[in-house]
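J.: Can you read through this structure? Questions will come right after.
The values are calculated or read from the model by the stated rules, or taken from the named source; none is laboratory data. Remember, it's a predicted structure, so these values are computed and weren't measured experimentally. Here the Cβ positions follow ideal geometry from the backbone for every residue, glycine too, while neighbour counts run over all protein chains shown. Quick note on the areas: whole protein, heavy atoms, side chains included, nothing else; ligands and nucleic acids left out. Shrake-Rupley method; radii C 1.70, N 1.55, O 1.52, S 1.80 Å.
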Amino acid sequence: MRTTRAPFVAGLLAAGLLLAGCGGDPAPSATGEMAAPPEQAAPDEPAGSADQATAAAPCTDASLTATVNEPTGEGQQRTILSWRNTSDQPCTMTGFGGVDLRGPDDPTFGPSYSLPRSAEEPSAITLQPGGTGITTITTLSGGDWTPTEVVVTAPDETTSQTVPWRGGPVQRQDGATRPGSFIGPVEQGSV
């Protein structure tokens, strides 16, 4: 005795199509591709709040505290400049700040050494309340000039903070085309 399953399979296929039309996967578009499902709010998030969210405001000098660690390494040393968000709101930073090493008056260059920027590409970071971002200061150690303080300015700010220099002598290369001392862009990180 032979049985055919064609009517049974056709019935299952029809039932599946009927269910798909009642809120299953989205219908294909005119090009035959499936349309993207509508965005849904998270269960504990009111609908539309994703559209209403605003980006964090830029970090300002008033909401940042700067500290400088001791340099590490030999020859070309790295010093971490830490930016802590002291406000109760997240804020964003992008780019390069300013770093000037200050110390005794150098007979050729004066008392201030403004470090140039590295060739690294900056990217935006967000600092949560109490969070930190870092800038890496790279200097050539040695020489006969020892800074006493570091004057730092956050990216896109004009007000500076002065913190003590915690390292030793630095070779001055003011005006060099490829200096061994420079600063990197602000990055997400902590000390």
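J.: Does residue 102 satisfy the criteria of being within 18 Å of the chain's Cα centre (by Cα) and charged (D, E, K, R)?
T.: For residue 102, the condition - within 18 Å of the chain's Cα centre (by Cα) and charged (D, E, K, R) - is not met.
J.: Determine the pairs where a residue that is in a strand (DSSP E or B), located within the stretch 62-80, has a partner that is open to solvent by 70 Å² or more (accessible area, probe 1.4 Å) and of a type in the set (Ser, Thr, Tyr) with Cβ atoms under 8 Å apart, the partner being 6 or more residues away or on another chain.
T.: Correct list of pairs: 64/86; 65/86; 78/72; 79/72.
J.: Taking the stretch 54-92 as the search range and keeping residues that are more than 20 Å from residue 161 (Cα to Cα) and among the aliphatic types (A, V, I, L, M), which one is least open to solvent (accessible area, probe 1.4 Å)?
T.: Checking each candidate, the answer is 56.
J.: Would it be correct to say that residue 174 is touching a residue at least 60 places away in the same chain (Cβ under 8 Å) and open to solvent by 20 Å² or more (accessible area, probe 1.4 Å)?
T.: So residue 174 fits the description; yes.
J.: Filter the stretch 110-155 down to the residues that are exposed (fewer than 15 other Cβ atoms within 10 Å of the Cβ), within 12 Å of the chain's Cα centre (by Cα) and in contact (Cβ under 8 Å) with a residue 60 or more places away in the chain, then identify the one that is nearest to residue 86 (Cα to Cα).
T.: Taking the candidates together, the pick is 123.
J.: Hey, which of the strands (runs of 3 or more DSSP E) in the stretch 113-169, taking only ones fully inside, have at least 2 residues that are more than 17 Å from residue 184 (Cβ to Cβ) and in contact with a helix residue (DSSP H, G or I) (Cβ under 9 Å, 6 or more places away or on another chain)?
T.: Output list reads 160-164.
J.: Also, quick follow-up: Being modelled with pLDDT of 50 or more and open to solvent by 100 Å² or more (accessible area, probe 1.4 Å) narrows it down to one of 105, 25, so name that one.
T.: After applying the criteria, what remains is 105.
Per-residue answers, yes or no, for (1) touching a Ser or Thr at 6+ places or on another chain (Cβ under 9 Å); (2) within 21 Å of residue 102 (Cα to Cα); (3) at pLDDT below 95:
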{"residue": "113", "(1), (2), (3)": "yes, yes, no"}
{"residue": "131", "(1), (2), (3)": "yes, no, no"}
{"residue": "136", "(1), (2), (3)": "yes, yes, no"}
{"residue": "143", "(1), (2), (3)": "no, yes, yes"}
{"residue": "148", "(1), (2), (3)": "no, yes, no"}
{"residue": "156", "(1), (2), (3)": "yes, no, yes"}
{"residue": "162", "(1), (2), (3)": "no, yes, no"}
